[in-house]
Number of protein chains: 2
Amino acid sequence: MNFTTILGTPDFLEHLRGKETTFLLALSNTKTYEIEGITQAGIPGKIYLTPTLDSEFVCAGEVRSLDGVPETPKGVPTPALITRAVHLQNPFKDIELLNLGLEVAPKLSYFKQHEFDIEPSNAINSGANINAMELFQKGLEFGKNFTLKNDYIILAESVPAGTTTAQATAKALGYAVEGKFASSFKEAPTNVKQETIKEALLKVNEQMDIFDKLSNVSDNMIIFNAGFILGLNAQQAKVVLAGGTQMASVLLLVNSLVEIMGGEFDSSNIALCTTKWVYQDEGSDIKALLEMLNFPINAYASDFDFSKSSHPALKLYDEGEAKEGVGAGAALCYAAVNGLKEEDLITQIEAFLV
Amino acid sequence: MNFTTILGTPDFLEHLRGKETTFLLALSNTKTYEIEGITQAGIPGKIYLTPTLDSEFVCAGEVRSLDGVPETPKGVPTPALITRAVHLQNPFKDIELLNLGLEVAPKLSYFKQHEFDIEPSNAINSGANINAMELFQKGLEFGKNFTLKNDYIILAESVPAGTTTAQATAKALGYAVEGKFASSFKEAPTNVKQETIKEALLKVNEQMDIFDKLSNVSDNMIIFNAGFILGLNAQQAKVVLAGGTQMASVLLLVNSLVEIMGGEFDSSNIALCTTKWVYQDEGSDIKALLEMLNFPINAYASDFDFSKSSHPALKLYDEGEAKEGVGAGAALCYAAVNGLKEEDLITQIEAFLV
């Protein structure tokens, strides 16, 4: 296993080789998932449970708030399986959860669940109704006061319909991102997504300040984590953003905030790690999104795929379904810099599906 | 994989099983490498680049200051490949570089490069021209103040022509080391080496103090590391000297300094680890060199070799070329006490040469 450098040099990830990490999983519900056909990240009618189930599976190896591992109607299993497999073979030193507005809290003991008194946000086509300033400040304070127990942080997410809110966020901030955002579908449901984003953007105008815009069109994960990253940056913490275009949107928000609010931001302490499926996706362009930032950023893609697997549900990843989520890409990069073998991971992931 | 105890008991290395290490790579140029035929540690005309390229390859997996991995004119690849392969399969927790006088600094970000304002030393046949007292004190201070981040330190080196300066150093200190020093060549270039050492020794006399002698005939790596080891010893740090006869020369210098200057030296915190190729070399005698010390020392040799490889360039190691360097022997001992498999390492090393 190895990784590809999307932007920057291999050095950031190379210097994390063998080091210990805190895996933080940011969990949130945006009711945008209720829009028919917008996401396949979960079981129809139960999509709101996906972040809850993902976190249960990554931490405890079983889902507790519903029977069965979340999978799409096409049978694509959640990328939480990939993250869990890596954790089994070269454990993250700590896993902690950030409850950024869940409908159902994960049923887990011992694993730290950080609570911030955040409600699920509304669907962006009728206004997300987030107190964005307060949420951002919660993230900022959490980052400034976060105790670093290990060498670095992997910050992952599980937010169904999150690529739609991420795209709306970037557009509301004025970035020209058309065609650059990924989807959990192989064939992205362009019409319903674009219609939703269009409706959402009708709620914002140029007179609004950045937080008013975010309040309407964004999601809790993006706003909180932009604050969290800026707070962590103040203490020079090394952070791997674990995700594709959603994490790119977090960075675009950080970029806008640094521009508007000024202040120091040292991007040398941050990198983004994603999957090969996102990096090579023809329907999106993670590299182009990251090149819109005014600061340099190291970004990497795992070279892991399921070409050596014979499991039909996993093969769907190689065809472009699911692609990323629950920190799968960063987990695979972490696996690469800790000497794990692709065959062993595939065997482990296949074993979950028996 | 396993290791052989050259001197002492297996216990020092056994108690490091599974522990975490800081791999320190001491890099230096002595212009002794310019003497025709004295070393094969690198590309003719570019031998001064070898430590720079070795460190780039170990840290980042690619050479940046020149195209291609350093190899000898006979095609023997640098032992940095061995060290890198071990790092890939069971990463050192931290890698840091000591710039002890390089002509070209490694092109690396994120990896700590300790700078001491040290110039490359001159060829010993015309006087190395080192401020040995100042250099020793830089090492001593660095050792006293070095922050131990992990359980132990592996101290490795890359110094082309370093076996020649090591031998001259030991002789100038009065040790009877004839025939006991190794070479990067299978058939050591005895004439040019002995001629160079003879010329170097003409620059020293019995009236000189130890530092004056070192100033003429030694190299930066040996003098600095003798100080460094004494400094680390003051804080009871566990250190593995990663190398063959060059590291033996560092110990011989420590031995002389302790004799001359008095003071406490607890050799139970130090061991030497080298390769099978050095240990079994008929042209040198690492064990005899270590037996000249007035203190007991644990010393080990990896039992790794390339008998299971079919790659002709690697087979040259088993014939006695290259033998050691860039911490290869200690990396292999570290691999042995961390459960790595010889076949996996060979596969990895072969993959670098495709």
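The values are calculated or read from the model by the stated rules, or taken from the named source; none is laboratory data. What you see is a predicted model; the values in this text were computed from it and never measured. Cβ placement follows ideal geometry from the backbone for every residue including glycine, while neighbour counts extend to all protein chains displayed.
Condition first: modelled with pLDDT of 95 or more and polar (S, T, N, Q). Now tell me which residues in region B:193-204 satisfy that.
Scanning region B:193-204 gives a single hit, B:THR196.
Select the strands (runs of 3 or more DSSP E) contained entirely in region B:69-169, then report the ones holding at least 2 residues which are within 14 Å of chain A (Cβ to nearest Cβ) and of a type in the set (A, V, I, L, M, F, W, C).
Once the strands (runs of 3 or more DSSP E) in region B:69-169 are filtered for at least 2 residues that are within 14 Å of chain A (Cβ to nearest Cβ) and of a type in the set (A, V, I, L, M, F, W, C), what remains is B:94-99.
I need every pair where a residue in region A:58-79 that is farther than 21 Å from A:TRP277 by Cα has its Cβ under 6 Å from the Cβ of a residue that is among the aromatic types (Phe, Trp, Tyr) and assigned to a loop (DSSP other than H, G, I, E, B), sequence separation at least 6 or different chains.
A:CYS59/A:PHE111
Being outside any helix (DSSP H, G or I) and either at pLDDT 95 or above or crowded, with 19+ Cβ neighbours inside 10 Å (or both) is the filter here; which residues of region B:208-236 pass it?
Answer for region B:208-236, where residues must be outside any helix (DSSP H, G or I) and either at pLDDT 95 or above or crowded, with 19+ Cβ neighbours inside 10 Å (or both): B:MET208, B:ASP209, B:SER218, B:ASP219.
Just one of (1) assigned to a loop (DSSP other than H, G, I, E, B); (2) of a type outside the set (Asp, Glu); (3) under 20 Å from the mean Cα position of the chain (by Cα); (4) within 14 Å of another protein chain (Cβ to nearest Cβ) trips up B:CYS59, so point out which.
It fails just one condition, (1).
Out of all the residues in region A:1-53, which are away from every other protein chain (no Cβ under 14 Å), outside any loop (DSSP other than H, G, I, E, B), among the β-branched types (Val, Ile, Thr) and over 15 Å from the mean Cα position of the chain (by Cα)?
Answer for region A:1-53, where residues must be away from every other protein chain (no Cβ under 14 Å), outside any loop (DSSP other than H, G, I, E, B), among the β-branched types (Val, Ile, Thr) and over 15 Å from the mean Cα position of the chain (by Cα): A:ILE6, A:THR22, A:THR32, A:ILE47.
Within region B:278-290, which residues are touching a residue at least 40 places away in the same chain (Cβ under 8 Å) and touching a strand residue (DSSP E or B) at 6+ places or on another chain (Cβ under 9 Å)?
Result: B:VAL278, B:TYR279, B:ILE286, B:LYS287, B:LEU290.
Given (1) within 19 Å of the chain's Cα centre (by Cα); (2) within 29 Å of B:VAL58 (Cα to Cα), identify the lone condition not met by B:LYS171.
Just one mismatch for B:LYS171, condition (2).
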